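Q: First, the structure itself, so that you have it in front of you.
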Amino acid sequence: MKTMSTLDFERISTGQALPSLTKHVTVDQIRQYAEASGDRNPIHLDETFARSAGLPGVIAHGMLTMAFANQMLTDWLGDRSLLKRLQGRFAGMVVPGDAVTCSGSVASKDDETRRVMINLVVTNQRGERVLNKGVAEAEFPPQRSNTHAA
Amino acid sequence: MTDPRWVGRSYETAPYQVTQQSIRDYMTAVGDLREDGELIAPPTYAMVYGFDAYWQLWTDQEVALDVAHLVHGEQRFTFQRPVRPGDQIRTTGRLIAISNRGDMELVTFELSARDAEDRPVSDGTALFIIRKP
């Protein structure tokens, strides 16, 4: 298990890129996600059913892709409780065998509210966007008074 | 085409009891294994404690969404507070719009999750796309 420490708000700058995160999606992971989330829709689990529904085969849950984006954000923030908003559009299907990469950059930073806006996108191994219009917002706790210079 | 008269229908989950096991199962499934010292659920765990609201919508025989052709189009969340083991969370989902765009039907579902003291935990909006066969 990795441990984490909270990102320093003062060191964040607009335009800064977040460390990207790549995930290899497998049939097993999709099954595991179906169990953990409760979402056992057969388009995620049953190859024959998925084809009959007009899909190329089983597809990953959109929310699995969003969970990867969530992880990229909270790995960077160093604290899961800082994330206040997350949204995105599922622009393309993710299928077993895909390698998806989450990337993001700081769109704006407000020193008064200590809020940071991040734009994010998830692409597959062909560079096609599977999640676009991604936006996240984090809020940092007020600065401690004992950090003031003497 | 889903009958637009169902717009406004709402669904409420039973209180979801958040456990260490449930959070860890979710973290393992998505591969987000980092521990903060204190166990806090990844924010997208909102999909786990709120799932029964989605399920009730998808299986509502009267609304009769064509779930075989339904895919998740967009998702938005706002998070009011972190979720920890011991939390009891109740989610209300409301069908707020049904519309058509070309050969697709768009269904908008709005969710609000609250704790045992009725304080807000998270809000969500899901847009589902039903591809017409």
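Read-outs throughout are calculated quantities, based only on the coordinates presented, and are distinct from any laboratory measurement. Computed from a predicted model, the values in this text were never measured in an experiment. As a convention, Cβ positions derive from the backbone with ideal geometry for all residues, glycine included, and neighbour counts pool all protein chains shown.
Q: Hey, got the average number of other protein chain Cβ atoms within 10 angstrom for residues in B:79-85?
A: That works out to 3 on average.
Q: In chain B, which longest range has no GluC sites (Glu not before Pro) that are both DSSP loop (not H, G, I, E or B) and surrounded by at most 15 other Cβ atoms within 10 Å?
A: That gives B:63-116 as the longest site-free run.
Q: Suppose only helical runs count, i.e. DSSP H with n ≥ 4. What mean residue ellipticity at 222 nm does that imply for the protein assembly as shown under -39500 (n - 2.57) per run, divided by all residues and rounded to the nearest 500 deg cm²/dmol?
A: -5500 deg cm²/dmol
Q: About the Cα centre of region A:55-109, what is the dipole size in debye to 20, counting +1 per Lys and Arg Cβ and -1 per Asp and Glu Cβ, all else neutral?
A: Charge dipole, region A:55-109, about its Cα centre: 280 debye, nearest 20.
Q: Name the residue from A:ALA50, A:THR6, A:GLN87 whose Cα lies farthest towards the positive end of the charge dipole of region A:4-119, charges +1 on Cβ of Lys and Arg and -1 on Cβ of Asp and Glu.
A: Farthest along the dipole direction, towards plus: A:GLN87.
Q: Order by neighbour count: A:THR113, B:THR78, fewest other Cβ atoms within 10 Å first, most last.
A: A:THR113, B:THR78
Q: Of all the C-alpha pairs in region A:1-112, what % are more than 16 Å from each other?
A: Of all Cα-Cα distances in region A:1-112, 66 percent exceed 16 Å.
Q: Within 10 Å of each Cβ of A:70-76, how many other protein chain Cβ atoms are there on average?
A: The shielding value for this peptide is 4.
Q: Hey, what does the equivalent ellipsoid look like for region A:51-115, semi-axes from the Cα gyration tensor as sqrt of 5 times each eigenvalue, largest first, whole Å?
A: 31, 11, 10
Q: Using Cα atoms only, what is the angle between the long axis of helix A:62-77 and the major principal axis of chain A, expressed in degrees (0 to 90) to the nearest 10?
A: Between helix and principal axis, roughly 20 degrees.
Q: Here is a follow-up. Any idea what the dipole of region B:7-131 comes to, in debye rounded to 20, about its Cα centre with Lys/Arg Cβ at +1 and Asp/Glu Cβ at -1?
A: 140 debye
Q: Under a point-charge model restricted to the Cβ atoms of Lys and Arg (+1) and Asp and Glu (-1), what is the dipole moment magnitude of chain A relative to its Cα centre, in debye to the nearest 20?
A: Charge dipole of chain A: 140 debye, to the nearest 20.
Q: Shielding of A:35-45 by partners, i.e. mean partner chain Cβ atoms within 10 Å per residue?
A: Mean shielding count: 5.
Q: Same structure, new question: Could you state the number of Å between the C-alpha centres of region A:47-61 and region A:80-138?
A: The distance from the Cα centre of region A:80-138 to that of region A:47-61 comes to 26 Å.
Q: Same structure, new question: Can you give the angle from 0 to 90° between the axis of helix A:27-37 and the longest principal axis of chain A, with both taken from C-alpha atoms, to the nearest 10?
A: So the inclination is approximately 60 degrees.
Q: Please give, to one decimal in nm, the separation of the simple spin-label points placed at B:ARG9 and B:GLN21, each 7 Å out from Cα toward the Cβ.
A: 3.4 nm
Q: Label 7 Å along Cα→Cβ of A:THR113; region A:68-98 residues with amide nitrogen under 16 Å?
A: It comes to A:82-87, nothing else.
Q: Please state, rounded to one decimal and in Å, the Kirkwood hydrodynamic radius that the protein assembly as shown gives when every pair of distinct Cα atoms enters the mean of 1/r.
A: Evaluated over the protein assembly as shown, this radius sits at 19.5 Å.
Q: When the convex hull of the Cα atoms of region B:7-131 is projected onto a plane and the area is averaged over all directions, what value comes out in nm²?
A: Average projection, Cα convex hull of region B:7-131: 8.2 nm².
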